[in-house]
Amino acid sequence: MEENKAVNCSIFEVEEALINIITDRINAAETILEKATFAEELKKEVNLLLSCTDYDKASINCKNCHFIAELRKKTASLIIKAKKLA
């Protein structure tokens, strides 16, 4: 994904690999219940990035990381809300 180039951080790279696996599982899931289960996992991984102890508000890498993480968190939340509607 292009986001990888937007963030130069070893923590992000490790989490990004896990997040990509979870995202692939969400995309492959056939039911909303399955997707929501994986979305919960996605939220946990994203929250690790958002609570990073190395966060530096002056760093463009950190800003990009948090921006990407927030988008993914919103996506996961939408999937989880869709489960409630199902």
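Derivation of every value follows stated rules applied to the coordinates shown; laboratory data play no part. A quick note: this is a predicted structure, and the numbers were derived from the prediction, not measured. Reconstructed Cβ throughout: ideal geometry from the backbone, glycine too, with neighbour counts over all protein chains shown.
Taking a cut-off of 20 Å between Cα atoms, list the aspartates and glutamates near Lys81, but don't count ones fewer than 8 places away on the same chain.
Once the sequence-local aspartates and glutamates are set aside, what remains near Lys81 is Asp24, Glu30, Glu34, Glu40, Glu41, Glu45, Glu70.
So what's the angle, to the nearest 10 degrees on a 0 to 90 scale, between helix 32-50 and the longest Cα principal axis of the chain?
Long axis of 32-50 versus the principal axis of the chain: about 20 degrees.
Of Asn64, Thr31, Cys52, which is farthest on the positive side of the dipole of segment 3-85, counting Cα position, with +1 on Lys and Arg Cβ, -1 on Asp and Glu Cβ, and the Cα centre as origin?
Going by the Cα projections, it comes out as Thr31.
Which links in Lys57/Lys84; Lys35/Lys73; Lys43/Lys83; Lys35/Lys74; Lys43/Lys84; Lys63/Lys83 stretch past 25 Å when you go from one Cα to the other?
Too far apart for the 25 Å limit: Lys57/Lys84; Lys63/Lys83.
What nm value, rounded to one decimal, do you get for the distance between Glu30 and Glu70 when each label is placed 7 Å out toward the C-beta?
Roughly 3.8 nm, to one decimal.
When the Kirkwood radius is taken over all Cα pairs of the chain, what Stokes-Einstein diffusion coefficient follows at 20 °C and 1.002 mPa s, in µm²/s?
D = 162 µm²/s.
Treating only the Cβ of Lys, Arg, Asp and Glu as charged (+1, +1, -1, -1), what charge dipole size does the chain show about its Cα centre? Round to the nearest 20 debye.
Its charge dipole is roughly 480 debye.
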